[in-house]
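**Student:** Below is a structure I'd like to ask you about.
The values are calculated or read from the model by the stated rules, or taken from the named source; none is laboratory data. Bear in mind that the values here come from a model prediction, so they are computed numbers and not experimental data. Neighbour counts are summed over all protein chains in view; Cβ atoms, including those assigned to glycine, are modelled from backbone coordinates with ideal geometry. The protein model used for the area step is the full one, side chains on, heavy atoms only, and it has no ligands, DNA or RNA in it. Shrake-Rupley method; radii C 1.70, N 1.55, O 1.52, S 1.80 Å.
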Amino acid sequence: MVQHLEVNLEVVTQETRLIEKIKLIESVWKRILEQREEEWRQQMRPKVKYFKENREDVLSDLEFEHRTEKGAFEMFTTCPECYQCTLIAEGDYRGICSNTNCEEWFPLTACSVCGGLAIGFRWEGVVCESCEDRFNELVNQPD
Ligand SMILES: [Zn+2]
Ligand SMILES: [Zn+2]
């Protein structure tokens, strides 16, 4: 009986240790992600500043590239802030909203379902708007 209890206690302690370990890993991971996010923000700040000062040049460069590549890429995607299709989707200034009334900036990544353009960080496993719409349609379908 005593022996049995001891074994159980040992298991419990091991489990507690494991949980502690997992919690530690989680908090470290969270810190790494926060750090990455902050790095991204720091990388973006001078770009946003440059964009605001040289808006016309940046946009005409983008247009030129779009024409050269025969429209192989989308120039803009919908901005989650102003809901206009003005969020730059390609090049060095991707993620910056070109709407003068908005000028917010967002991380852009690939949709984890279709690989299309999605807003968020790669490690967040985000889905694009059309995949989300499709999913909502499926969920809201009447029987
Ligand atoms: Zn916007
Ligand atoms: Zn998608």
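**Student:** If we keep just the residues of the stretch 100-130 that are touching a residue at least 60 places away in the same chain (Cβ under 8 Å) and either part of a strand (DSSP E or B) or open to solvent by 60 Å² or more (accessible area, probe 1.4 Å) (or both), which is farthest from ligand 2 (Cβ to nearest atom)?
**Tutor:** Residue satisfying both the conditions and the ranking: TRP105.
**Student:** Take ILE96 and decide whether it is within 16 Å of ligand 1 (Cβ to nearest atom) and open to solvent by less than 30 Å² (accessible area, probe 1.4 Å).
**Tutor:** Values: within 16 Å of ligand 1 (Cβ to nearest atom): yes; open to solvent by less than 30 Å² (accessible area, probe 1.4 Å): yes.
Judged against the criteria, ILE96 is a match.
**Student:** Can you give me the number of residues within the stretch 42-60 that are touching a residue at least 12 places away in the same chain (Cβ under 8 Å) and open to solvent by less than 100 Å² (accessible area, probe 1.4 Å)?
**Tutor:** Count: 7.
**Student:** In addition: Please verify whether the stretch 56-68 includes one or more residues that are farther than 25 Å from ARG36 by Cβ, in a helix (DSSP H, G or I), within 16 Å of ligand 2 (Cβ to nearest atom) and aliphatic (A, V, I, L, M).
**Tutor:** no
**Student:** Moving to a separate point now. So which residues in the stretch 33-57 are among the hydrophobic types (A, V, I, L, M, F, W, C) and over 15 Å from the mean Cα position of the chain (by Cα)? Even if it seems obvious, please write down each step before you answer.
**Tutor:** Of the stretch 33-57, the ones among the hydrophobic types (A, V, I, L, M, F, W, C) are 33, 40, 44, 48, 51.
Listed by number, the residues that qualify are VAL48, PHE51.
**Student:** Same structure again: Please go through the stretch 58-92 and give me each residue that is under 20 Å from the mean Cα position of the chain (by Cα) and more than 13 Å from ligand 1 (Cβ to nearest atom), ordered by number.
**Tutor:** Filtering the stretch 58-92 down to residues under 20 Å from the mean Cα position of the chain (by Cα) leaves 73-92.
Of everything in the stretch 58-92, those that are under 20 Å from the mean Cα position of the chain (by Cα) and more than 13 Å from ligand 1 (Cβ to nearest atom) turn out to be PHE73, GLU74, MET75, GLU90, GLY91, ASP92.
**Student:** Failed condition for GLU26, given (1) in a helix (DSSP H, G or I); (2) within 20 Å of ASN101 (Cβ to Cβ), with all others met?
**Tutor:** (2)
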